[in-house]
1. Return P(r) of the range 1-155 (all Cα-Cα pairs; 5 Å bins starting at 0; whole %; ordered from short to long distances).
2. Please state, rounded to one decimal and in Å, the Kirkwood hydrodynamic radius that the chain gives when every pair of distinct Cα atoms enters the mean of 1/r.
3. Where Rh is the Kirkwood radius over the Cα pairs of the range 49-141, the temperature 25 °C and the viscosity 0.890 mPa s, what D in µm²/s does Stokes-Einstein return?
4. Using Cα pairs under 8 angstrom and six or more residues apart, how large is the relative contact order of the chain, in percent?
5. First select every other residue whose beta carbon is under 13 angstrom from the beta carbon of LEU354; then total the charges, Lys and Arg +1, Asp and Glu -1.
6. Count the net charge of all other residues whose Cβ sits under 15 Å from the Cβ of MET197, scoring Lys and Arg as +1 and Asp and Glu as -1.
7. Modelled label-to-label distance, ARG247 and SER392, 7 Å Cα→beta-carbon offset: nm?
8. Give me the number: length gained by fully extending LEU4 to ASN300, i.e. 0.36 nm times residue separation minus the C-alpha to C-alpha distance, one decimal in nm.
Amino acid sequence: MQNLNSRIAALIEKGVRIPNPMAVEIGDDVNIDRISGESVVLHAGTKIFGKSTLILQGAKLGLESPATVENCFVGPDVNLHGGYFKRAVFLDRIVFGSGGHVREGTIMEERSSAAHTVALKQTILFPFVTLGSLINFCDCLMAGGNSRKNHSEVGSSYIHFNYTPNQDKATASLLGDVPRGVMLNQLPIFLGGQGGMVGPCRMEFGNVVAAGSIIRKDESRPGRLIQESARKSVNIPFTNGLHLTLRRIMANNITYIANLLALMQWYKQARRLFVGRRFPEALLDGLCQTLDTNIQERVNRLIEYCGLMPVGQPLDSAHAICQNELHLNVSRISDILPALQQIDGEGPFRDNFLKDLQKTIQTKGNDYIAVIQALPANVSEWGTQWLQGIVSQVVSGLTGIFPSLHA
């Protein structure tokens with residue numbers, strides 16, 4: 001180790017396996033105390049930067065191609081096979097193929113996965129959600145499924161269209177939801193390959209979208225087979241500044257933000273009970289920090305979208321929302337957000353759920369998936385009611401800013 005960088009030498013000394021030490025780069029700002037020495041493998045071409053970077057036991061980086069990790073929170077037994085990963089959280093047993101391009105705001109929960117050449121940003125994937133190859137899936141939250149054999153999936157060559165001709169990104173799509181999704185007992189969602197979705201969209205659990213379809217509409221009914229093709233399309237002149245389906249776009253963005261705030265309370269109050277060796281406090285902190293960037297991103301995009309409304313050009317009577325109202329009232333979103341972030345769902349649903357969750361942990365151990373799936377149906381329902389109450393309160397608070405949403 002005489003000619004090695006002292007930081008690499010220190011990692012090897014603590015047990016990190018580095019087959020080719022001369023081909024690995026560790027930034028000066030990296031805290032090597034946050035890199036576990038237990039079964040961690042850094043393959044040739046691995047580069048690690050950032051003082052926030054956390055790498056836990058069993059993580060393996062760069063097996064298929066060079067991997068760059070910058071200020072990421074990498075959980076136990078995570079395999080990042082190659083690509084660029086920045087300001088993201090990867091929980092237990094994540095597998096990500098080579099060619100990844102994962103940026104800030106991304107959270108991949110237990111046993112979710114992505115194949116090669118997948119791009120994510122401001123994306124949240126619940127346990128077991130699976131992405132194919134050659135996918136661009138930014139600004140989405142996807143839930144559904146209960147195992148590696150029964151999971152929500154996005155087919156290869158799929159794209160989530162998250163930028164509009166009006167130059168806004170108020171386009172986050174909610175596939176499933178948080179209150180039911182965290183219970184890991186919902187039907188999966190399938191989005192067929194060689195397709196796409198125009199955000200913001202909402203998709204109910206249990207829906208199947210045929211390959212090659214471009215989804216432009218919400219589907220609130222479960223158990224549907226959906227196919228969109230050239231035989232059924234809309235082709236109308238584009239008028240710059242005309243924002244169609246304003247009510248739906250606002251409602252979907254507000255509901256998305258409300259679900260993220262509910263998820264934050266789930267992390268802070270329910271997930272916190274699982275803190276331990278495989279899920280230390282530092283990983284929980286990274287989870288909450290990354291979710292907070294998602295919340296801020298969605299709020300900022302919604303504010304940006306409302307600010308684009310041209311003053312003095314209200315929509316005709318066929319539309320429920322006046323552009324003037326959105327433009328003039330948009331500043332109030334930031335004013336009430338701190339109060340909305342404090343809504344914790346206090347009440348019997350929350351208290352009874354957390355009490356029974358603690359009991360289940362005591363008998364089953366602190367394996368997150370095993371405990372959640374062992375909860376009796378009535379306890380899961382209490383948890384869903386608790387989180388749904390948070391969602392409803394946040395939606396009510398945000399829609400109250402815009403009276404036209406109630407028209």
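1. Taking all Cα pairs of the range 1-155, the binned fractions are 2, 10, 20, 25, 18, 12, 7, 4, 1, 0, 0 percent.
2. Numbers: mean 1/r = 0.0450 Å⁻¹.
It is 22.2 Å.
3. Roughly 199 µm²/s, to the nearest whole number.
4. On the way: 955 pairs, mean separation 38.2, N = 407.
That works out to 9 percent.
5. On the way: positive: LYS268, ARG271, ARG272, ARG350, LYS355, LYS359; negative: ASP344, GLU346, ASP351, ASP356.
Result for the neighbourhood of LEU354: +2.
6. 0
7. Each label point is offset 7 Å from its Cα along the Cβ direction, giving 2.2 nm.
8. 102.1 nm
The values are calculated or read from the model by the stated rules, or taken from the named source; none is laboratory data. Just so it is clear, the structure is predicted and the values come from calculations on it, not from any experiment. Backbone-built Cβ (ideal geometry, glycine too); neighbour counts: all protein chains shown. Accessible surface is based on the protein model in full, side chains and every heavy atom, while ligands, DNA and RNA are left aside. Shrake-Rupley method; radii C 1.70, N 1.55, O 1.52, S 1.80 Å.
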